[in-house]
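All remarks here apply to the structure that follows.
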Amino acid sequence: MTIKFDRTDSLKKVGADSKNTGDPMSQISILTDRIQYITGHLKLNRKDHSARRGLVNLVSTRKKLLKYLKRKNVDKYESTIKELGIRK
């Protein structure tokens, strides 16, 4: 079962345009919301291994996007991490 996320809330966190969902900052924000949702799901359903596998894939994708953003623009990388509360 999938849940449709309201991406406008995710995009407001990083100050991105709601139409530009291809921007790395936007994608990182959307992935972070999905990761938080699945993490909550796995706290209730410990034996859901397919969801756990999906979570690992999402974390991997977000890590790659963060690495790309850090390589291209360090200022945006640092502001994105600070706004989303990733990597304290």
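Computed from the coordinates by the stated procedures, all read-outs in this text should not be read as laboratory data. Values in this document were obtained by computation on a predicted structure and should not be read as measured data.
Within a straight-line Cα-Cα reach of under 18 Å, Lys12 can be paired with the following lysines, leaving aside sequence neighbours fewer than 8 residues apart in one chain: Lys4, Lys76, Lys82.
In the distance distribution for the chain, Cα-Cα pairs more than 19 Å apart total 40 percent.
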